[in-house]
C-alpha cells in the first residue's frame, strides 16, 4: 500500500438507467494496483512523507485566571514546581486550571493543594481548578 497506480477510471454512473445519489457526488470507479514496500526502511520513509503534523492547542475548560498543561507528567516529575510558581503569582481568590493526564496526579495534586492551604474547586477528568485563598 506504499505505491499505487490507477489503471482504469470511468464515470460509473454515466448513462445509468436508475437514479443514484452517488452520481450527484461525481462518484468515479477506479482500479488500482498496490505494491508492498520492498523493505521496512522503504515503508518508514514513505510513511514519513504521508504524515501531516496537526498542532494541538490545549485550552482551559473552567475560565481560570491562569492555565497550566502538565501533559502526561506526574507530580514527581516537575509539574508541582511549575504549579507552585504559578500559584505564588496569583492574588487571593484567583484560580489556576491544571490539565494533567498522568493517573498519579488524581491523588498527588489534591493532597498538595490541601498541604498548601489552597482550595480545589473542581476536578473533572484530567482538569483541576485550584483557588488561592
When only residues in the stretch 52-74 that are under 16 Å from the mean Cα position of the chain (by Cα) and more than 16 Å from residue 105 (Cβ to Cβ) count, which is modelled with the lowest pLDDT? 52
Residues in the stretch 84-110 that are without any contact (Cβ under 8 Å) to a residue 24 or more places away in the chain and within 13 Å of residue 65 (Cα to Cα): how many? 3
Any residue that is modelled with pLDDT under 95 and closer than 18 Å to residue 59 by Cα - is there at least one of those in the stretch 101-118? yes
Taking the stretch 63-79, which residues are within 15 Å of residue 129 (Cα to Cα) and in contact with a helix residue (DSSP H, G or I) (Cβ under 6 Å, 6 or more places away or on another chain)? 66, 68, 70
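The values are calculated or read from the model by the stated rules, or taken from the named source; none is laboratory data. The model shown is predicted, which means the values in this text are computed figures rather than measured ones. Heads up, the Cβs are rebuilt from the backbone with ideal geometry, glycines too, and the neighbour counts pull from every protein chain shown.
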